[in-house]
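Here's the structure, in structure tokens; my notes come after.
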Amino acid sequence: RLAEYANMVYSACEDIGNFFGFQDSSVRNQAEHLLILLSNNRRYMSSHILPPSVQPPSPIHALHAKVFSNYMKWCRTMGVPPSFSKMNTTMSAPPAVASRVVDLVLFFCVWGEGANIRHMPECMWFLYHKMMEEYTLSEGFTQTRSLYPGHFV
């Protein structure tokens, strides 16, 4: 049942990978990683551990909340507004879901190529924050920019 997420994830991976020039193999690995995390979240949500009133609307919402909770704390500490995607021009999904997928894909692509930086969350959040700002300023999905692997990072 991951097919409903796979198209969104692979589309976002292709756009983010081309936009920033991430290594193709790293982007593919992170797409698989994200789909596995979504599968695990879906399984957790269907196990009825949480009451329906507290349960997030989808595994994407649940994973996004979990991954970006520390980012929200970082933003408050730094005194900057969070930078999240607000785009939905090429995905056939609700805007809230599509933009959360883009957020997750960018974070995991940065995390995947971050090497030792992934052990310093403040640096990871700074990179994510600046890259998402650039992506949203350049209108992300509608942009035809395509860089070779390794250009940005």
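The values are calculated or read from the model by the stated rules, or taken from the named source; none is laboratory data. For clarity, every value in this text was computed on a predicted model and none was experimentally measured. So basically every Cβ, Gly included, is an ideal-geometry build from the backbone, and we count neighbours across all protein chains shown. Keep in mind that these areas ignore ligands, DNA and RNA; they rest on the heavy atoms of the full protein, side chains included. Shrake-Rupley method; radii C 1.70, N 1.55, O 1.52, S 1.80 Å.
The set of residues in the range 131-153 being over 24 Å from SER25 (Cβ atoms) and either surrounded by 15 or more Cβ atoms within 10 Å (Cβ to Cβ) or at pLDDT 60 or above (or both) consists of GLU133, THR136, LEU137, SER138, GLU139.
Taken over the range 118-131, the residue count meeting the criterion of being farther than 21 Å from GLU32 by Cα, out of contact with any Pro (no Cβ under 9 Å at 6 or more places or on another chain) and assigned to a helix (DSSP H, G or I) is 9.
Quick one: how many residues across the range 76-95 are at pLDDT 75 or above and either within 17 Å of the chain's Cα centre (by Cα) or open to solvent by 80 Å² or more (accessible area, probe 1.4 Å) (or both)? Spell out how you get there, then give the answer.
We begin by selecting, within the range 76-95, every residue at pLDDT 75 or above; these are 76-86.
Cutting the leftovers down to either within 17 Å of the chain's Cα centre (by Cα) or open to solvent by 80 Å² or more (accessible area, probe 1.4 Å) (or both) gives us 76-78, 81-86.
Matching residues across the range 76-95 total 9.
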